[in-house]
Amino acid sequence: MSSDVLFEIKDLEVSYGSIAAIKGISLTVNKGEIVTILGANGAGKTTTMRTISQLLKAKSGSIRFKGQELTSLAAHKIVKLGISHSPEGRRVFGILTVEENLMLGAFSQSRLDKTTLEWVYELFPRLQERRKQLAGTLSGGEQQMLAIGRSLMSNPEMLLLDEPSLGIAPILVKAIFRQIKEISNKGVTVLLVEQNAKAALKLADRGYVLDVGKIALSGTSAELLASERVQEAYLGKKH
Amino acid sequence: MDIFLQQLANGLTIGSMFALVALGYTMVYGVMKLINFAHGDMVAASAFVGLTIYTQVMGQATSLPAVIIIFLLSALAMACIGVILERIAYRPLRTAPRLSAVVSALGASLVIQNGIMLIWGPRMRIFPELVPQIYWDFGGVVISLIQVIILVLSLVLMVTLYLFVEKTRMGAAIRAASIDQDAARLMGINVNSIIALIFIIGSSLGAVGGLFIGLYYRGITFNMGWQYGLYAFIAAIIGGIGNIPGAMLGGMLLGLFNAFIAGYISSTWSDAFTFILLIVILIVRPTGILGERVAEKV
């Protein structure tokens, strides 16, 4: 594991009106790592992801990617810098075909990179089989594959994955997590938000545990898996 | 049979004007989920702008290049007004409750309508004869050059728009923004530019529609935007609001429907029948003919 800091959040605060959702969190992601953010519903995981992508604006604090401050940028400029976001709930374009969805993933690129498309089809062969089908007619798991594939189409350096296991059959969750590992092996840095702590910690190098807008715990995956607090709260083990 | 063919020709002419105007409603609705009530008045304004360009800029020339310039300048002027309208009347309300934007749209409609009245006066003006009065008689069915031009040019514009939206990168971006704006932003699509583009396209097509209305009906009034706007709006709903081919189809169907009512029953009843048709369609198929192809899986 190298220690080149690729991405850094410092003292980030985000609020919805007068309600504080993120109360000053800091975290770093090194180049090539898989880092996971764990937490219960409402802990602020998705808020963090949406703030990184500038779909939400930070109240204070900084978000830096390769040294560049993101908080002053418009949302559509982020993907061009090399951060691609596969959002919670997949958000595929339902009345467009699988292929059109993938092409839109490459919208920020001046021209379509054929090898990336081939790679996405290699990772998720289902997508190639169904490329002419409307995205809205795919199963939940297939839509998740499409959402991840679509976010890879911009050749990102860092991938933000928000709850890829949400509402998906366990067997597909396994397949998708395997492919996330494969994506990481290709050199893409991954920031993964999950409720499924066990699966996420198995995959990730390090993790942060978010609890009502604050970081409650952080460490390597092994440390977190061993910690009583994580075991109690997220893995359902009682001591 | 003569009445049928004659009304078919008339219906297609009126229908293509409805369709051009309906596209402006449906494209804006598609991306912003907003009914741009000012669109009909923009169409009316275009006829007056065209009239002024004809008299003041072109020195009343009716040569083919002059007519083309009148069309291009009017479309350009309305595109600019459309972009300004979006900036001042709709963008500040983007995150406001939907009703606020609707009220703003109604206000914008009144501003434009009264603006036309202040500039060009409250009385009916006669639109110039930009196209020579040539008629062909096919055994009782009379078709004018104006009708042919309206139909052909509308079809060309609609096919071009369709290909642009379905086959190009920017077209795909428009469709993406109309499905999910946040997801579109994550793809790197600048939604503000897409909305500006929508207003440019919709307003220019509406401008062409307004000039056609002037050419075909000749008399133009400051408040005619309400009437034509309403018909085009109904056409957009019949086709499925937010759906681009739907607006084209809805416009054509409504034009034909109107023409046949006028031919076989009476033109005084065409409004009543139009609304009956609207009600029937809303009951039988609330999403319009081509509305919403699939339900989203959640």
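The values are calculated or read from the model by the stated rules, or taken from the named source; none is laboratory data. Given the structure is predicted, the values throughout are model-derived calculations rather than measurements. Glycine also receives a Cβ, built like all others from the backbone with ideal geometry; neighbour counts cover every protein chain displayed.
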Inset, instruction - State whether one or more residues within the range B:141-149 are at the interface with chain A (Cβ under 10 Å from one of its Cβ atoms) and more than 25 Å from B:Ile81 (Cα to Cα). - result: no
Inset, instruction - Give me a count of the residues in the range B:154-188 that are in a helix (DSSP H, G or I), within 17 Å of A:Ser110 (Cα to Cα), in contact with a Phe, Trp or Tyr (Cβ under 9 Å, 6 or more places away or on another chain) and among the aliphatic types (A, V, I, L, M). - result: 4
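Listed here are the residues, each with its yes/no results for (1) at pLDDT 95 or above; (2) over 19 Å from B:Gly219 (Cα atoms); (3) basic (Lys, Arg).
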residue: B:Ile126; (1), (2), (3): yes, no, no
residue: B:Gln133; (1), (2), (3): no, no, no
residue: B:Ile146; (1), (2), (3): yes, no, no
residue: B:Leu157; (1), (2), (3): yes, yes, no
residue: B:Leu163; (1), (2), (3): yes, yes, no
residue: B:Ala177; (1), (2), (3): yes, yes, no
Inset, instruction - Inspect the range B:218-239 for any residue being surrounded by fewer than 19 Cβ atoms within 10 Å (Cβ to Cβ), part of a loop (DSSP other than H, G, I, E, B) and within 14 Å of another protein chain (Cβ to nearest Cβ) and give the result as yes or no. - result: no
Legend entry - Test: A:Leu104 is more than 25 Å from A:Ile171 (Cα to Cα), of a type in the set (A, V, I, L, M) and at pLDDT below 95: no
Legend entry - Residue check, B:Glu129 more than 21 Å from the chain's Cα centre (by Cα) and under 24 Å from B:Ala19 (Cα atoms): yes
Legend entry - Residues located in the range A:146-169, provided they are over 16 Å from B:Ala183 (Cβ atoms) and modelled with pLDDT of 95 or more: A:Asn155, A:Glu157, A:Met158
Inset, instruction - Can you tell me which residue within the range B:273-292, out of those that are in a loop (DSSP other than H, G, I, E, B) and more than 14 Å from chain A (Cβ to nearest Cβ), is farthest from B:Gly30 (Cα to Cα)? - result: B:Arg285
Inset, instruction - Just give me the residues in the range B:245-267 being touching a helix residue (DSSP H, G or I) at 6+ places or on another chain (Cβ under 9 Å), over 9 Å from B:Leu290 (Cβ atoms) and either without any contact (Cβ under 8 Å) to a residue 24 or more places away in the chain or not small (Gly, Ala, Ser) (or both), in sequence order. - result: B:Met248, B:Met252, B:Leu253, B:Leu254, B:Leu256, B:Phe257, B:Asn258, B:Phe260, B:Ile261, B:Tyr264, B:Ile265, B:Ser267
Legend entry - Residue count for the range B:189-217, restricted to those that are closer than 22 Å to A:Gly136 by Cβ and assigned to a helix (DSSP H, G or I): 2
Inset, instruction - Taking only the range A:127-140 into account, find how many residues are more than 23 Å from B:Arg185 (Cα to Cα) and surrounded by 19 or more Cβ atoms within 10 Å (Cβ to Cβ). - result: 1
Inset, instruction - Tell me which residues, restricted to the range A:62-79, are touching a residue at least 60 places away in the same chain (Cβ under 8 Å) and at the interface with chain B (Cβ under 10 Å from one of its Cβ atoms). - result: A:Val79
Legend entry - Every residue from the range B:242-264 that is among the β-branched types (Val, Ile, Thr) and surrounded by 24 or more Cβ atoms within 10 Å (Cβ to Cβ): B:Ile244
Inset, instruction - Please enumerate the residues belonging to the range A:92-125 that are of a type in the set (Phe, Trp, Tyr) and over 17 Å from B:Arg185 (Cβ atoms). - result: A:Trp119, A:Tyr121, A:Phe124
Legend entry - Residue in the range B:154-191 that is farthest from the other protein chains (Cβ to nearest Cβ), counting only those that are polar (S, T, N, Q) and surrounded by 15 or more Cβ atoms within 10 Å (Cβ to Cβ): B:Ser154
Legend entry - In the range A:14-23, residue surrounded by the fewest Cβ atoms within 10 Å (Cβ to Cβ) [restricted to those that are over 20 Å from the mean Cα position of the chain (by Cα) and within 15 Å of A:Thr51 (Cα to Cα)]: A:Gly17
Inset, instruction - Specify which of the listed residues (A:Leu27, A:Leu81) is under 18 Å from the mean Cα position of the chain (by Cα) and more than 20 Å from A:Leu217 (Cα to Cα). - result: A:Leu81
Legend entry - Residues that are facing chain B (nearest Cβ under 10 Å), aliphatic (A, V, I, L, M) and crowded, with 18+ Cβ neighbours inside 10 Å, drawn from the range A:104-117: A:Leu104, A:Ala106
Legend entry - Residue list for the range A:161-178, restricted to those being exposed (fewer than 15 other Cβ atoms within 10 Å of the Cβ) and under 30 Å from A:Lys23 (Cα atoms): A:Gly167
Legend entry - Those residues of the range A:119-148 which are in a helix (DSSP H, G or I), free of Cβ contacts under 8 Å to residues at least 60 places away in the same chain and within 13 Å of chain B (Cβ to nearest Cβ), in sequence order: A:Ala135, A:Gly136, A:Thr137, A:Gly140, A:Gly141, A:Glu142, A:Gln143, A:Gln144, A:Leu146
Inset, instruction - Look at A:Lys181 and say whether it is under 14 Å from the mean Cα position of the chain (by Cα), charged (D, E, K, R), surrounded by fewer than 23 Cβ atoms within 10 Å (Cβ to Cβ) and outside any loop (DSSP other than H, G, I, E, B). - result: yes
Legend entry - Tally, over the range A:80-100, of residues that are more than 7 Å from chain B (Cβ to nearest Cβ) and within 25 Å of A:Leu134 (Cα to Cα): 9
